[in-house]
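What follows is one structure encoded as structure tokens, with my remarks underneath.
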Amino acid sequence: MNPYIGHDSQLYGVEEHRLVGGKGDGMRILEVTNGKGMELVITPDRAGDIARLRFRGINMSYLSPCGYVAPAYYDSTGSNWLKSFTAGFLTTCGLQAVGSPCTDEGEELPLHGSIANQPCEQVCWREEDGLLVLHMLVKDEVIFGRKLRLEREIRVSTLENSFEIHDVIRNTGDRVEPVEILYHMNMGYPLLDEDSRIRIPSADVEPRDGHAAEDIENWMHMEKPTAGYQERCYYHKFSGREGQASIYQPKLNMGLAISFDAEEASALYQVTSSAPPHMILHGTNDHTVPMEQSVAYYEKLVEQGVRADLIEIERAQHGDDLFCQNQVKDKVIAFMRGIAGSW
């Protein structure tokens, strides 16, 4: 026990509050301070995501125009996810889907899934060995449908300015479920502006679409706020397990780095010889997911000895009506007949 203080929160700790007013009214927030200058605001009513990140009082994250939005306002129709997209330092996307809205086996899947708008069922925290450890449990479970759980642990150091996020996704149902997850991390002003320096030591960079390809040589350069700006997105591949992205603001002499396991985060890492037969359908005009990703996935399946087929659908975008053409249906039926009784 430190004899100079009366309560641990003079130096570090976790405090729980509730918001009052606006669309965030009633939301629980956890203010976490580590005593070294780092502060996080975690939102248990939004999957345990991180709404704010500050260092020595300086904002590091982006807060969207809608601000805090309680899960009761969530609209799962199409792209209405954006109406409750707080952004913050971290918004978790998934678990049933990420990316553009689409229809899968008759189910309409919303933009970036619904997990970010699910409140935590359980929340607790403790102190251990120079860490503040927060545990959260989020359920995405329905009767006669998917039953997935996200078990999240955020470990905040009180010895240095760092924290770790450990997620475990469990399927508690009686059937196999597809899972997708995206960690939507958002840097903000004054850390981020046109003078910020971005570093991603990737082995390869791919543009998401033709618009991004036009300026691929400047993927690492930030720009001033521009009215009507159309986003440019790039996919980075790493040569090994160590993935990293960092940003540095020379005017503040301050920055941050994000590290992750690049292989574990890749779908290719999940492919084994025990995988079931795969039929991959990909539109040639898909601007959400590059064709190269489906090709790489298909090649990995074949490499592992898994029966697989890749069908390129001319002029199709990400899950549009061209996937329902008779010739596409015929190929799907032929594939299913081919594997019947062999798996």
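On inspection, residue 72 qualifies as assigned to a helix (DSSP H, G or I), assigned by TED's automatic domain parsing to the domain that holds residue 12 and over 24 Å from residue 185 (Cβ atoms). Looking only at the stretch 163-201, which residues are over 25 Å from residue 95 (Cα atoms) and outside any loop (DSSP other than H, G, I, E, B)? Scanning the stretch 163-201 gives 197, 198, 199. Restricting attention to the stretch 282-305, the residues being more than 21 Å from residue 211 (Cα to Cα) and buried (at least 18 other Cβ atoms within 10 Å of the Cβ) number 4. Can you say whether residue 92 is closer than 24 Å to residue 163 by Cβ, in contact with a Cys (Cβ under 7 Å, 6 or more places away or on another chain) and in contact (Cβ under 8 Å) with a residue 24 or more places away in the chain, as far as the supplied structure shows? When the stated conditions are applied, residue 92 does not pass them.
None of 237, 251 is of a type in the set (Lys, Arg) and at pLDDT 95 or above except 251. If you go through the stretch 181-206 and pick out every residue that is under 27 Å from residue 263 (Cα atoms) and without any contact (Cβ under 8 Å) to a residue 60 or more places away in the chain, you end up with 9. Selection of the stretch 177-199 for residues being hydrophobic (A, V, I, L, M, F, W, C) and closer than 24 Å to residue 116 by Cβ yields 179, 181, 182, 185, 187, 191, 192. Could you list, ordered by first residue, the pairs with Cβ atoms under 8 Å in which the first is in the stretch 316-332 and closer than 24 Å to residue 111 by Cβ and the second is of a type outside the set (A, V, I, L, M, F, W, C) and loosely packed, with under 10 Cβ neighbours inside 10 Å, at least 6 apart or interchain? Close Cβ pairs (under 8 Å, with a partner that is of a type outside the set (A, V, I, L, M, F, W, C) and loosely packed, with under 10 Cβ neighbours inside 10 Å) amount to 322/314; 322/315.
Among the residues of the stretch 15-23, not a single one is touching a Leu at 6+ places or on another chain (Cβ under 6 Å), of a type in the set (D, E, K, R) and under 17 Å from residue 188 (Cβ atoms).
Do we have any residue at all in the stretch 120-127 that's closer than 23 Å to residue 73 by Cα, in contact (Cβ under 8 Å) with a residue 24 or more places away in the chain and among the polar types (S, T, N, Q)? Within the stretch 120-127, not a single residue is closer than 23 Å to residue 73 by Cα, in contact (Cβ under 8 Å) with a residue 24 or more places away in the chain and among the polar types (S, T, N, Q).
The values are calculated or read from the model by the stated rules, or taken from the named source; none is laboratory data. Note that this is a predicted model, so its numbers are computed, not measured. Cβ sites come from the backbone with ideal geometry, for glycine too, and all protein chains shown count toward neighbours.
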